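K.L.:
Provided herewith is a single structure, encoded as structure tokens, for subsequent inquiry.
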Amino acid sequence: MPLKDRYDYIVTGGGCAGLSFILHVLQTPSLSNKSILLIEKEQNRTNDRTWCYWEKKSGFFEEIVFRKWDMAWFHGLGYGALKHLGPYAYKMIRGIDFYNHCYDRIAQSGRVDLLHETVKGIENTEDGVVVSAGNEIFRGDFAFNSILFEQPILKDKTIYLLQHFKGWIIETKAPVFDPEKPTLMDFRVGQDEGTTFVYVMPFSATRALVEFTLFTPKLLEQESYDQGLKDYLRDFLKLEEYTVVEEEFGVIPMTDHVFPAVNGNIVHLGTAGGQTKPSSGYTFRFIQKHVAAVVDQLVLSGNPFLKKSVLQKRFMWYDRVLLHMLFHKKMPGARIFTLLFSRNPIQRIFRFLDNETKLAQELILLNTLPQWPFMKAGWKELFK
């Protein structure tokens, strides 16, 4: 099918954010007349990552949730507890299931044109946008972009940490794991490089995803991630014999740099649009809430432009304070998270990390942390 010269919506990037946006549009009856072009270098049908998140009810992608748990372990410094999560469930979606689901829905709709080319640039025009891809140019009313074309130019004093992780899906001969009890965070590993923890997501008694994660300014050598995983499996799970059946590696920015949400008629999605939570790296749920709000705005007004609320600014400040504490090493991350999880119900922590608490709840949570170092960091970030 030949491509059109102009589209209502041009989506650049076929990752989680771009595909989620398209599926939300396809399931909105009042937008059924909108033409869509998706430009992505390659159509991903691989199991290159997993997304884990907590959620109260059945979500938009509930039918492809691979596993979900109602309780989880937290291990900190001198503290460990099995936390009951209700009314939340901790959920996992595999990359392969997500991509297959999205591309199958796109194919069934017959409403989305696909172009497998490298996006070279996006520009605003008087009546919309121009997108160059391969050797072609396409025009549209709006572009929805999730591509980080280049490293952001950081202002003076901007904090830029990386959440980097390597995960192994392992299989064992003997039953080792309790499939109903994942480990959300385990800080009992060495903290020499910075904030470091492991999480374990069991699929069965003999199969699990084990992920070694750090919040630091620089990446490690690949051998260091492997050694961290081997040490954890030996020291805490008492495993010497196992088979690594899959691997994944990822890097997520943790920064107070403000990614532009909108540039003219270009709406940025995902990490490129600031939907990665700076203090935790969680992205999946923020993408879903953001694209749902953008689609609702398209229905209401015909444009996708959202206003930033006072609530968003408050949570951005909280994120900056924690980043300040970690980046400037005012307090070890392992201690901060141990205090949070040992002094607060996990439901309050989830609501806070979802940016859904009220001020009174936030004050209760913040009072469980050492006040003087956080007050100093908060003051500096307020006037930075």
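The values are calculated or read from the model by the stated rules, or taken from the named source; none is laboratory data. Remember, predicted model here, so these are calculated numbers, not experimental data. Here the Cβ positions follow ideal geometry from the backbone for every residue, glycine too, while neighbour counts run over all protein chains shown. Side chains are part of the model used for accessible areas, which takes the heavy atoms of the whole protein and leaves out ligands, DNA and RNA. Shrake-Rupley method; radii C 1.70, N 1.55, O 1.52, S 1.80 Å.
K.L.:
Accessible area per residue of the chain at 1.4 Å probe, in Å²?
P.N.:
Ligands and nucleic acids excluded, the result is 48 Å² per residue.
K.L.:
Of the listed peptides 73-81, 334-342, what is their order by residue-averaged count of other C-beta atoms within 10 Å, with the highest listed first?
P.N.:
My ranking of the peptides, most packed first, is 334-342, 73-81.
K.L.:
What value in Å³ per residue do you get for the convex hull of the alpha-carbon atoms in the chain?
P.N.:
Details: hull volume 59.0 nm³, N = 384.
Dividing the Cα hull volume of the chain by its residues yields 154 Å³.
K.L.:
Also, quick follow-up: When the scattering of the stretch 31-75 is computed by the Debye formula from its Cα atoms alone, each counted once and equally, what is log10 I(q)/I(0) at q = 0.18 Å⁻¹?
P.N.:
Cα-only, vacuum Debye calculation for the stretch 31-75: -0.88.
K.L.:
Taking the stretch 142-256 on its own, what percent of its Cα-Cα pair distances exceed 25 Å?
P.N.:
Summing the P(r) tail past 25 Å for the stretch 142-256 gives 33 percent.
K.L.:
Write down, largest first, the equivalent ellipsoid semi-axes of the stretch 24-118 in whole Å, where each equals the square root of 5 times an eigenvalue of the alpha-carbon gyration tensor.
P.N.:
Semi-axes, largest first: 35, 17, 10 Å.
K.L.:
Between beta-carbons, use under 10 Å as the cut-off and find the net charge around Gly13, counting Lys and Arg +1, Asp and Glu -1. List each step's numbers first, then the result.
P.N.:
On the way: positive: Lys41; negative: Glu40.
It works out to a net charge of 0.
K.L.:
Near the amide H of Val11, under 5 Å away, which other amide H atoms are found, from residues 5 or more places off or on another chain, if H is placed in the peptide plane?
P.N.:
Those lying under 5 Å, H to H, from Val11 are Leu37, Leu38, Ile39, Phe144.
K.L.:
For the chain, what does -39500 (n - 2.57) per DSSP helix run (n ≥ 4), summed and divided by total residues, give at 222 nm, in deg cm²/dmol to the nearest 500? Please list the in-between numbers first.
P.N.:
Details: 9 runs with 115 residues, N = 384.
Taking each H run of at least 4 residues, the total per residue is -9500 deg cm²/dmol.
K.L.:
Could you order peptides 233-246, 131-144 by the average number of other Cβ atoms within 10 Å of their residues, highest first?
P.N.:
Most protected by this proxy first, the peptides run 131-144, 233-246.
K.L.:
Enter the accessible area of Lys313 (Å², nearest 10), with the probe set to 1.4 Å and all protein chains included.
P.N.:
Estimated to the nearest 10 Å², Lys313 gives 120 Å².
K.L.:
Taking all protein chains in place and a 1.4 Å probe, what share, in percent, of the accessible surface of the chain do carbon and sulfur account for?
P.N.:
Reported share for carbon and sulfur atoms: 53 percent.
K.L.:
Of the cross-linked pairs Lys238/Lys277; Lys157/Lys289; Lys277/Lys380; Lys83/Lys218; Lys313/Lys384; Lys277/Lys384, which ones have a Cα-Cα span greater than 25 Å in the structure shown? Spell out each step's value before the answer.
P.N.:
Details: Lys238/Lys277 34 Å; Lys157/Lys289 30 Å; Lys277/Lys380 20 Å; Lys83/Lys218 32 Å; Lys313/Lys384 14 Å; Lys277/Lys384 20 Å.
Pairs exceeding the cut-off: Lys238/Lys277; Lys157/Lys289; Lys83/Lys218.
K.L.:
Work out the P(r) tail for the stretch 186-240: percent of alpha carbon pairs separated by more than 13 Å, whole number.
P.N.:
Everything past 13 Å amounts to 61 percent.
K.L.:
Turning to a different aspect of this structure: Could you sort Ile122, Ile349 by accessible area so the largest value comes first, with the probe set to 1.4 Å?
P.N.:
Numbers: Ile122 35, Ile349 5 Å².
My answer, sorted largest first, is Ile122, Ile349.
K.L.:
Which order, highest average first, do 19-25, 263-269, 204-210, 225-231 follow once you tally other Cβ atoms within 10 Å for each residue and take the mean per peptide?
P.N.:
Those peptides, ordered most packed to least, come out 19-25, 263-269, 204-210, 225-231.
K.L.:
A further question follows. Three principal axis extents, largest first, for the C-alpha atoms of the stretch 234-276, in Å?
P.N.:
Taking max minus min along each principal axis of the Cα atoms, the stretch 234-276 gives 56, 22, 10 Å.
K.L.:
What Kirkwood hydrodynamic radius, in Å, does the stretch 34-177 give when the mean of 1/r is taken over all pairs of distinct Cα atoms and then inverted?
P.N.:
Across the stretch 34-177, the inverse of the average 1/r is 19.7 Å.
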